[in-house]
Amino acid sequence: MSIRVVSLLAVILDQLSKYWIVRSCQLGQSITVLKEYFYITYIQNPGAAFGFMADMPVYLRIPFFILITLGAGIIVYAYQRFVPPEKKLHRFALGLIWGGAMGNFIDRLFYRKVVDFIDVRYHQHQWYVFNVADSCITVGLILLVLGYLFGGGGRPQERF
């Protein structure tokens, strides 16, 4: 599967899930899926991961995130040009990363915040609420690292 197809599927899944949450839930509403472990909790995160920079003024925050996303996009695009077609895991991982970045980018453009709703807990311990785009980025990064570590020998530029 091409990077573009993976990215497009990630964006579609992310945006459809966020659309469903925004239309189905009240801001701050939490629905128990699996008591003490998994909830659907609708929040809006104006910052980056873990609420980082959430208190930054919007006139600085939005341009900053646009520049960061564009910069990351250029890096992913440039990097994928050196990844041979037979390195399918790497290309799939890059597609997930790019699709996740675009999913959150769309939120920032339209809402000035990112819609988050996946709420994982372990009894009284709670992780940060996240979304499908965040999951795609995380899984993509993990796959990229695993592919690099266990992807075979050769010179470093040939490992990809």
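From PHE38, PHE64, which residue is touching a residue at least 12 places away in the same chain (Cβ under 8 Å), surrounded by 11 or more Cβ atoms within 10 Å (Cβ to Cβ) and among the aromatic types (Phe, Trp, Tyr)?
Exactly one of PHE38, PHE64 is touching a residue at least 12 places away in the same chain (Cβ under 8 Å), surrounded by 11 or more Cβ atoms within 10 Å (Cβ to Cβ) and among the aromatic types (Phe, Trp, Tyr), namely PHE38.
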*Is there a residue being in contact with a Lys or Arg (Cβ under 6 Å, 6 or more places away or on another chain) and farther than 15 Å from PHE130 by Cβ anywhere in the stretch 2-13?*
yes
_Checking ILE43 against (1) surrounded by fewer than 15 Cβ atoms within 10 Å (Cβ to Cβ); (2) closer than 21 Å to VAL132 by Cβ; (3) of a type in the set (A, V, I, L, M), the condition it does not meet_ = (1)
*Determine which single condition GLY95 fails, assuming it passes every other condition in (1) crowded, with 18+ Cβ neighbours inside 10 Å; (2) farther than 26 Å from ILE142 by Cβ.*
(2)
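Evaluate the following for THR32: is it outside any helix (DSSP H, G or I), farther than 17 Å from ASN131 by Cβ and at pLDDT 80 or above? Break it down stepwise before answering.
Values: outside any helix (DSSP H, G or I): yes; farther than 17 Å from ASN131 by Cβ: yes; at pLDDT 80 or above: yes.
Yes: the conditions hold for THR32.
Do you know which of the residues in the stretch 98-152 that are out of contact with any Cys (no Cβ under 8 Å at 6 or more places or on another chain) and small (Gly, Ala, Ser) is surrounded by the most Cβ atoms within 10 Å (Cβ to Cβ)?
If we take residues in the stretch 98-152 being out of contact with any Cys (no Cβ under 8 Å at 6 or more places or on another chain) and small (Gly, Ala, Ser), then ALA133 is surrounded by the most Cβ atoms within 10 Å (Cβ to Cβ).
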*Where in the stretch 44-160 are the helices (runs of 4 or more DSSP H), entirely inside, with at least 2 residues that are at pLDDT below 85 and touching a Phe, Trp or Tyr at 6+ places or on another chain (Cβ under 9 Å)?*
58-80
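Residues checked against (1) farther than 23 Å from GLN26 by Cα; (2) free of Cβ contacts under 8 Å to residues at least 60 places away in the same chain:
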| position | (1), (2) |
| --- | --- |
| ALA78 | yes, yes |
| GLY100 | yes, no |
| ARG112 | no, no |
| ASP119 | no, no |
| GLN126 | no, yes |
| VAL129 | no, no |
| ILE137 | yes, yes |
| VAL145 | yes, yes |
*How many residues does the stretch 1-51 hold that are of a type in the set (Gly, Ala, Ser) and farther than 30 Å from VAL76 by Cβ?*
3
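The values are calculated or read from the model by the stated rules, or taken from the named source; none is laboratory data. Quantities reported herein were computed from a predicted structural model and do not represent experimental measurements. Glycine gets a Cβ as well: all are built from the backbone with ideal geometry, and neighbour counts include every protein chain shown.
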